[in-house]
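Only one structure is covered here, and it is reproduced in the block below.
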Amino acid sequence: MRASGYRGRLAPSPTGYLHVGHARTFWTAWQRARDAGGTLVMRMEDLDPDRSRSLYADAAYDDLRWLGIRWQEGPDKGGPFAPYVQSKRRSIYLDAWRKLLRKGFLFPCRCSRKDLEAALGAPHESTSPGAPGQQAGKLEPLDDEPIYPGTCRHNLSHAPLLPGPTGAELDEPESANWRFRVPDGEVIEFEDLNLGPQRFVAGVDFGDFVVWRRDGVPSYQLACVADDAAMGITEIVRGADLLKSTARQILLNRALGFDNPRWFHCRLVVDHNGRRLAKRHDALSLRSLRQRGITPMKILSAELPVEG
Ligand SMILES: [Zn+2]
């Protein structure tokens, strides 16, 4: 057993090969857990059914070990909070969804992507080159998610679905995007251990966000807070592309009665054109760097351009 109560995590999604930016972030997560005498948890975030591949999960374990990163709990090691693979933890996410629903935080949204684009008056580029690299192409964009126009906001919390069970009796999310109703105008502030004070305004910087997708999959936001709470994570080290998601997750933690962990967001590595790295940057994948004989030391110590 580890002496310290620090619990960190590595949470790759198996939708491509890890790149130099991931290496930096995961290395920082490992260092911080090690320096704290804490425990590091490996959690595979494979909820996207269309893009997750076991090939990439195996490659992630292998590449991270090659870098010298070690973890104490995970899919390959087991541990007290198994399973450590998100696709096997659906019941935990369903519990969180039900809790949010019963407390009146959620509404079903039946807007199509086209409806949203029309309501917003502009085409929404969810996969633009400037989109957050690690999430580019995901069905559910994260920090670039446009502000929800509020079309379905008053569904369910005031009126029962007809015909059938009232919202409070629903047991399973059904064929809709379930959104979390954000408290418009509320300022959400937190102190980032790396980037300092952060401030976002609900309804201005982000709108009502999806917690359960119409294709039957919990959103990143919901799965992340449910798992971090269930696994007793005390500090989250991740990329700065998720700063705004942290504000959303603070609202979810409060709604679910979970304690907030601390956050350490790492600046994002960018390419020579100033664009965030994405899994499509094959030349900077750990795989191809390894094959070219580049050492972990070189990858971790190289001067690389970062955002901001
Ligand atoms: Zn809607």
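The values are calculated or read from the model by the stated rules, or taken from the named source; none is laboratory data. These numbers were taken from a predicted model, which means no experiment stands behind them. Here the Cβ positions follow ideal geometry from the backbone for every residue, glycine too, while neighbour counts run over all protein chains shown.
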### Message
What's the total number of residues in segment 62-97 that are within 20 Å of the chain's Cα centre (by Cα) and either assigned to a helix (DSSP H, G or I) or aliphatic (A, V, I, L, M) (or both)?
### Response
14
### Query
Under 9 Å by Cβ, and 6 or more places apart or on different chains, what pairs join a residue from segment 107-132 that is more than 9 Å from the ligand (Cβ to nearest atom) with one that is at pLDDT 85 or above and among the hydrophobic types (A, V, I, L, M, F, W, C)?
L120/I147; H124/L116; P132/L242; P132/L268
### Task
Return yes or no: is D63 at pLDDT below 95, in the same structural domain as A283 (by TED's automatic domain parsing) and crowded, with 21+ Cβ neighbours inside 10 Å?
no
### Task
Identify all residues within segment 194-210 that are among the small types (G, A, S) and surrounded by 19 or more Cβ atoms within 10 Å (Cβ to Cβ); write none if there are none.
A202, G207
### Query
Do we have L242 as under 25 Å from P75 (Cβ atoms), among the aliphatic types (A, V, I, L, M) and part of a helix (DSSP H, G or I) here?
yes
### Message
For segment 176-191, which positions are at pLDDT 95 or above and either touching a Ser or Thr at 6+ places or on another chain (Cβ under 8 Å) or hydrophobic (A, V, I, L, M, F, W, C) (or both)?
### Response
W178, F180, R181, V182, V187, I188, F190
### Message
If I ask for residues that are in contact with a strand residue (DSSP E or B) (Cβ under 6 Å, 6 or more places away or on another chain) and either over 27 Å from S4 (Cβ atoms) or touching a residue at least 40 places away in the same chain (Cβ under 8 Å) (or both), which ones from segment 245-261 would you list?
### Response
T246, A247, R248, I250
### Query
How about segment 264-301: which of its residues are in a loop (DSSP other than H, G, I, E, B), out of contact with any strand residue (DSSP E or B) (no Cβ under 7 Å at 6 or more places or on another chain) and closer than 28 Å to Q198 by Cα?
D271, H272, N273, G274, R275, A278
## Note on the structure
Counting only residues that are surrounded by 23 or more Cβ atoms within 10 Å (Cβ to Cβ) and over 16 Å from E235 (Cα atoms), segment 17-46 contains a total of 6
